[in-house]
1. Scan the range B:3-40 for residues that are part of a loop (DSSP other than H, G, I, E, B) and over 30 Å from B:ARG461 (Cβ atoms) and jot them down.
2. Name every residue in the range B:395-410 that is in a helix (DSSP H, G or I) and under 22 Å from B:LEU129 (Cβ atoms), in order of residue number.
3. Can you find a residue in the range B:399-410 that is over 23 Å from B:THR328 (Cβ atoms), more than 14 Å from every other protein chain (Cβ to nearest Cβ) and crowded, with 16+ Cβ neighbours inside 10 Å?
4. Out of (1) of a type in the set (A, V, I, L, M); (2) within 30 Å of C:ARG181 (Cα to Cα); (3) assigned to a loop (DSSP other than H, G, I, E, B), the odd one out for C:LEU8 is which?
5. Is it the case that some residue within the range B:313-331 is over 23 Å from B:GLY259 (Cα atoms) and of a type in the set (Phe, Trp, Tyr)?
6. How many residues, within the range A:94-114, are under 23 Å from B:ALA246 (Cβ atoms) and out of contact with any Cys (no Cβ under 8 Å at 6 or more places or on another chain)?
7. So, C:SER228, is that one assigned to a helix (DSSP H, G or I), away from chain A (no Cβ under 14 Å) and either surrounded by 13 or more Cβ atoms within 10 Å (Cβ to Cβ) or modelled with pLDDT of 80 or more (or both) or not?
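The values are calculated or read from the model by the stated rules, or taken from the named source; none is laboratory data. This structure is a prediction, so every number in the text was calculated from the model and none was measured. Glycine gets a Cβ as well: all are built from the backbone with ideal geometry, and neighbour counts include every protein chain shown. Protein only, heavy atoms only, side chains kept; ligands, DNA and RNA dropped before computing areas. Shrake-Rupley method; radii C 1.70, N 1.55, O 1.52, S 1.80 Å.
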Amino acid sequence: MADATQAEHKWTMVVDLDKCTGCQACVVACHAENNVPIRNKSEVQANRAQHWIRIERYWVGDPPAKARFLPMLCQHCNRAPCEPVCPVYASVHSQREHLNLQVYNRCVGTRYCNNNCPYVVRYFNFYDPYFPAPLTEQLNPDVTVRTAGIMEKCTFCIQRINRAEQQARTEGRDLGPDEVIPACVQTCPPSALLFGDLLNPESRVSKVLADNQRALRVLEHLGTEPAIYYLKGGKSYVRF
Amino acid sequence: MGLDQQAQLERERHLLVDARPGRELNAMVLEPMMRIGRAFWPAVGVLGFLVLAWWVTWGFQMWWNLGITGLNRVVMWSLYIANYVYLIGIAEAGTFIAAALRLLDIDWRRPISRIAELLTVFCIFASALFPLAHLGRTWKFYWLLPYPNERQLWPNFHSALIWDLTATLSYLAMSTLFFYIDLIPDAALARDHVRGWRRTLNNWLALGWRGTERQWRLLKVAQLIFSIGILLIMPSVHTIVSYDFAMTIQPGWHSTVFGPYFVAGAIYSGVAAIIIAAILFQRLNHWGYFIRDEHLNGLGIFLLLTSLVWDYFFFQDFIVPWYGQVPTEKQVLLTMMAGRGQLAFWLMITTNAIIPFFTLWWRRVRTWWPAMLAISILIQLGLLLERYIIVTIDLGVRELPFNWGLYQPRAAELIMSTGAVAFVVLGFVVFSKLIPFVVLYEVKEGQFLVQLNRIGKGLIRSKME
Amino acid sequence: MRGFHDYLVLGLFDDLGQAADVVAALCRLGIPEERIKALSPFPVPTRAYPLPRPRDRLALVTAVGAAIGFLLGIFMMVGTANLYPLDVGGQPLVPGPPSIVILYEYTLLLMLTAVFLACALGIRTPAYWGQVYDPRLTEDAYGVLVGLTSRELEPAEQALRAGGAYGLRRLDEMGVGARLRRWLGRQISYGLWVAGIVGGVLAIAILCVFAYGGLQWIYPDQMVTQQSVGDQEGPRLAAPTAAVPIQGPVLIRGQPATEPLPGTAASRERGADLFRNQCYLCHGNEGHGNGPLAGYYSPPPADLAGPVVQSLPPSEVFRVIRLGRGVMPSLAENLTAGETWDLVTLVKGLAQGPAATP
């Protein structure tokens, strides 16, 4: 009987920039799934907007300039710069799942991890989260609500990964090739986001990434070895 | 000039030639300690209020959390860390003056050692509170300490913050012990010649000091070992503080020159702070006898020297990214020089590089206390700005342009910064009434060792080795 | 000095030369060198006095302290990493250059702490020599302190006076009180060592008690209580009436859709039977939430005749009976769909009158 909770997976996400319309549905889905608080207007103006996945917009060229969208989320680097700098081991690497884990109850809030993250995808809870009733009814019971003073970031919906693995173990089978779907991937209307296990040759991401001319990774020269591949073809307006 | 005139001149100029009876020296040092002047309580009041405001604000911040500061997603370290680096920088020079100059046997350190060491102790204490203040969950700070526990976790020794913690706490403990060792004979002196609660306090501090040969030998050997040890620890502490920045891959921070650069800046700001303290005590306590032109001159030369060293390292840190033109690093420089950092940057250049270079070469300036006071205060401002630039301006320019962020300090951070400086000054004001502030046994020893010898028609100072 | 002297005598001198001559004179009188001490307000060159150089073991203390620090550093870097291994950023478990940093710091820290403790203890002890003292010793007087037997007393005092001593003081130790104080002084010296060690052990023990959860400060920051879960453990908000119109079949995931049965009297009677079996124990006779077992539950069973439940659409009542709600269990395995609809009919008619007879 296979124990799916012990199998090794290399969770990978593929973001197809040629399909992304910048609609931000993934942002909303992530908020809903992961109990990410919504910060008010003055906080956003103070550059404290809190979205685990955000659509970065770059204006390219002289006016009328073109806009290019870059969905940016935690890249789950295999050589994550955020991990060695955390003094309390709140940011560690899972060798089985090849994920960067954030341990909320261990975090003391030194914020060193975000300083070392070249993608700046880690978020600090500057205030306690405020969910006005009845939004509290919508909170996901599988996910911790982080209080003030704690760093957080995209987890590749690890609660969904865990639930799928446990379901597979109960049923005595291996995890299916595309069984795990994070919230953002689930919601993306043009299916610009794909997610799967790179070690499984049957998964969509393996098939998409095999021999793909358009594949690139952001800030690859820094040697962080991110787990997210961006597909960009055609005329390249922005060089990363 | 006749011999008498020469002798008179030498005595005026040099403390160690101007020997006076021990009773007179004791009185000169103990009298300001015993007397509470008119300015004492108002000073304590104002400074105490600022320190209280600091702690109250910190309490607010622990309740409401760091949202009340100006930190944001991009600039996650700001004035607190800048203050931490700044204060620990000042602390470096205190023990440096006491330890290095003792090893090198430079005499103008003798009256100002205690002021220097006390500056260190208070500055480290104040600075060590800032990493606590900038924690998101300050009440869990003890998780950073290495001790056996049930959490199946020890601190992460890969992290520069843990090296920082080790180094800061070591330096705090060691400088306090160093300060205390140097204090023992003077506490005995106070114990013998004052009355009241100060006598009890100094009696405790003096550890039953009698002045026997054995005790002096123990003290001197311990001072020697401590001086060497502190001189080994001191540059390592500030280098490790610089590792907080250099260990990251943030453009602008990822520089190998940060280690020596920070140490140079530290000694620079610390010497300036000692000059401020020495001048203030000379003026307020009427210590023209103890702190003379020769001491200010010595300190001034040292300040000039450290200023040049700082200029050198700053130039290294500047020319390398400028020449390489790597886009992110170039953007950091542009922001610093012509962007939102320009006011701070050019002010820093003026106060740290230009003003000292064009004033401190002349002995006239070095021995004129208003000028030295002004230059030193400007240097303090300049070095605080330097740390501010490194922490917040550099951090505001990340790899991708979406993550270029502005930072503006808010009331909470400003109150805490002023409170910390007020804490250091308050410490001085209060302790000046508790313990003798001149290292009298070193002055007496110096006066014993230095003599005037007649060579031909002249009187020459000589020192016994 | 093992206390074979009976008197302590202190003489003060203006000049270092005088004091040194007197020390030489005392040595010539046959007084052992360990019983002669030279005092000064500042450190004087040791060669000035014809006394042996005082021995200190600070070099050994330094080495021992440094060694302990080094070993502690090794434990921190290698020991803790291997006790609970965690992967961070692809770095090796025991990183090279950071180890050097930590070893350096720990070595110096322990070394200097050891030196300080040795120095402080050395200064403080033995304390009984300090019983004779003159405050002028911290002004500018040099002192010679000598421990004498009664035989040596006269010639020694003569030698002191001849050498130019002023302010001669003598402590007569013949008295029981003086001997007692001397003994006590020695005990205090040893006591400081013991107190230090015991205190250190005690501190570590207390730390371990706290660290291993023997004593705990409970403060309200435990992540165990979660807002996301807590809200779903209590009474749930129902949608306002007619907010989400649910007519027609009831859809429950994984089960076939079911249509409501007409609310006939027969249905009501069947429902009453079922109510007696399934619902009465908690919800009570008339469905007011006051059954025999009602008191055991928090929140208490709902008042089925009350306005909240009566305003629910029939499909919602069906769903609650099928799926359970909060403390109420799911009855999907106890009742068929038809039986559930009968109960729905009954519940909806509760406002008109009592449900069942016991």
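1. B:ARG35, B:ILE36, B:GLY37, B:ARG38, B:ALA39
2. B:LEU395, the sole residue that qualifies.
3. There is no residue in the range B:399-410 that is over 23 Å from B:THR328 (Cβ atoms), more than 14 Å from every other protein chain (Cβ to nearest Cβ) and crowded, with 16+ Cβ neighbours inside 10 Å.
4. Among (1) of a type in the set (A, V, I, L, M); (2) within 30 Å of C:ARG181 (Cα to Cα); (3) assigned to a loop (DSSP other than H, G, I, E, B), C:LEU8 violates only (3).
5. Looking only at the range B:313-331, we keep the residues that are over 23 Å from B:GLY259 (Cα atoms), and these are B:327.
Narrowing further to those that are of a type in the set (Phe, Trp, Tyr): none.
No, there is no match, as no residue in the range B:313-331 is over 23 Å from B:GLY259 (Cα atoms) and of a type in the set (Phe, Trp, Tyr).
6. The total comes to 3.
7. no
Listed here are the residues, each with its yes/no results for (1) at pLDDT 85 or above; (2) of a type in the set (A, V, I, L, M, F, W, C); (3) crowded, with 18+ Cβ neighbours inside 10 Å; (4) in a helix (DSSP H, G or I).
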{"residue": "C:ALA239", "(1), (2), (3), (4)": "no, yes, no, no"}
{"residue": "C:ILE246", "(1), (2), (3), (4)": "no, yes, no, no"}
{"residue": "C:GLY263", "(1), (2), (3), (4)": "no, no, no, no"}
{"residue": "C:VAL317", "(1), (2), (3), (4)": "yes, yes, yes, yes"}
